[in-house]
């Protein structure tokens with residue numbers, strides 16, 4: 001037999017404790033009724049009839065199944081109030097392909113991280129429950145589906161070609177793109193990234209038809225590198241190996257990446273073009289300087305300044321000057337000078353490299369080689385970049401060797417070959433100079449090699 005009691009208020013006759021039910025009994029809330037004032041039990045009401053497939057705003061006390069099969073989804077948290085609780089779960093096991101980003105409300109924090117900083121769920125089958133504590137911690141994760149929460153302890157980012165080397169992730173850009181940071185590390189020492197930014201190499205010098213005389217090698221693209229020491233100890237280039245930490249501090253946001261093209265060679269007597277700049281964040285590497293051409297006038301014989309300077313060519317009866325490296329100046333230096341034209345007997349100058357200046361020929365018949373590039377293991381393997389282009393000389397031996405790191409060799413330009421050797425792509429190597437002692441047509445200096453941008457950081 002059941003009974004019904006109808007009252008508006010139940011209170012204690014004395015004391016401060018009101019007891020409902022007895023030992024072993026259950027106090028049930030009628031179907032369709034709601035409660036206030038009792039506080040939550042640490043669970044949520046799962047919205048099984050409303051699978052989220054697009055950006056949405058979460059509601060306190062509710063759990064959401066999120067389907068990212070059609071693309072990434074952002075869940076905006078409600079305003080943080082003490083005791084608020086929300087949950088999220090991967091509906092179709094696709095968070096590893098298309099992430100769920102959880103974005104706090106305004107300046108609220110997640111797990112005491114950066115104010116307003118989001119986190120990303122990027123593992124297959126991930127789920128998380130968040131409870132709001134206070135303004136110091138913000139939303140605290142109290143449950144998860146056996147995963148390491150990303151975005152709180154480490155950087156989470158995307159862009160370029162992604163590879164891993166131990167506990168470090170590497171993003172390589174061989175063309176324009178964006179480095180997108182979805183979560184920054186709450187640890188200051190690990191909230192920075194190492195980088196290698198290499199500009200495009202300068203074009204080598206060309207020559208007039210059927211003429212002797214030297215053509216300069218193109219200067220290497222500027223080489224700039226930073227390392228997050230002591231967190232990361234990859235073998236950096238000699239330019240920064242002994243330098244203090246010079247990494248870039250990042251934050252949540254999008255960082256445009258520019259990868260400079262190599263300079264274009266031009267048929268003599270005109271001079272080719274410098275390489276183009278490469279940029280990441282506050283770091284700019286300057287394009288390499290073009291090599292001087294074999295020309296009837298000094299201006300074209302003079303090489304151009306740049307990240308590394310181009311080598312001088314033969315201008316009329318005067319010596320063409322090599323270009324200046326590290327232009328504009330940065331510390332550590334991004335490159336070296338190109339060599340001056342040597343006369344007699346009509347030798348072009350080697351283009352400068354990141355590791356050394358362009359080689360200087362002697363009057364005894366030496367060849368002006370391109371300056372050396374530098375090696376770095378930022379990707380996990382040692383690779384040399386930013387070598388200067390080799391020059392062409394009228395005397396034997398007449399072909400300078402490109403500097404290690406993608407610099408191109410000089411070429412004689414004998415008919416019917418009209419174009420010099422190009423610098424290696426994605427190394428910033430300088431283009432090779434080319435002569436035309438027996439070519440009935442003007443020859444074109446070798447193109448410079450394109451640059452590259454590499455970003456490295458601790459991700460686990």
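Laboratory data are not the source of any read-out in this text; all were calculated from the coordinates shown. Only a predicted model underlies this, so the values are computations on that prediction, with no experimental measurement involved. With ideal geometry, Cβ positions are generated from the backbone for all residues, glycine too; neighbour counts draw on all protein chains shown.
Note on residue 3 and residue 69: the model spin-label points, each 7 Å out from Cα along the C-beta direction, lie 5.6 nm apart. Taking Rh as the Kirkwood radius computed over C-alpha pairs, what is the Stokes-Einstein D of region 171-256 at 37 °C in a medium of viscosity 0.692 mPa s, expressed in µm² per second? For these conditions, the coefficient is 205 µm²/s. Shape index of the chain: Rg/Rh, with Rg the Cα radius of gyration and Rh the Kirkwood radius from the inverse mean 1/r over Cα pairs, equals 1.30.
Return the equivalent ellipsoid semi-axes of region 45-152 as a descending list in whole Å, where each equals the square root of 5 times an eigenvalue of the C-alpha gyration tensor.
On the way: eigenvalues 84, 42, 29 Å².
For region 45-152, the ellipsoid semi-axes come out as 21, 14, 12 Å.
Label sites at residue 107 and residue 140, each approximated as a point 7 angstrom past Cα along Cα to Cβ, lie 2.2 nm apart. Taken along the Cα-to-beta-carbon direction at a fixed 7 Å, the label points for residue 254 and residue 82 span 4.0 nm. Between residue 60 and residue 333, the FRET efficiency estimated from the beta carbon spacing at R0 = 56 angstrom works out to 0.50.
Residue separation times 0.36 nm, minus the C-alpha to C-alpha distance between residue 188 and residue 96: what's the value? Don't skip to the end; give the middle numbers.
On the way: separation 92, 0.36 × 92 = 33.12 nm, distance 2.67 nm.
Between residue 188 and residue 96, full extension yields 30.4 nm more.
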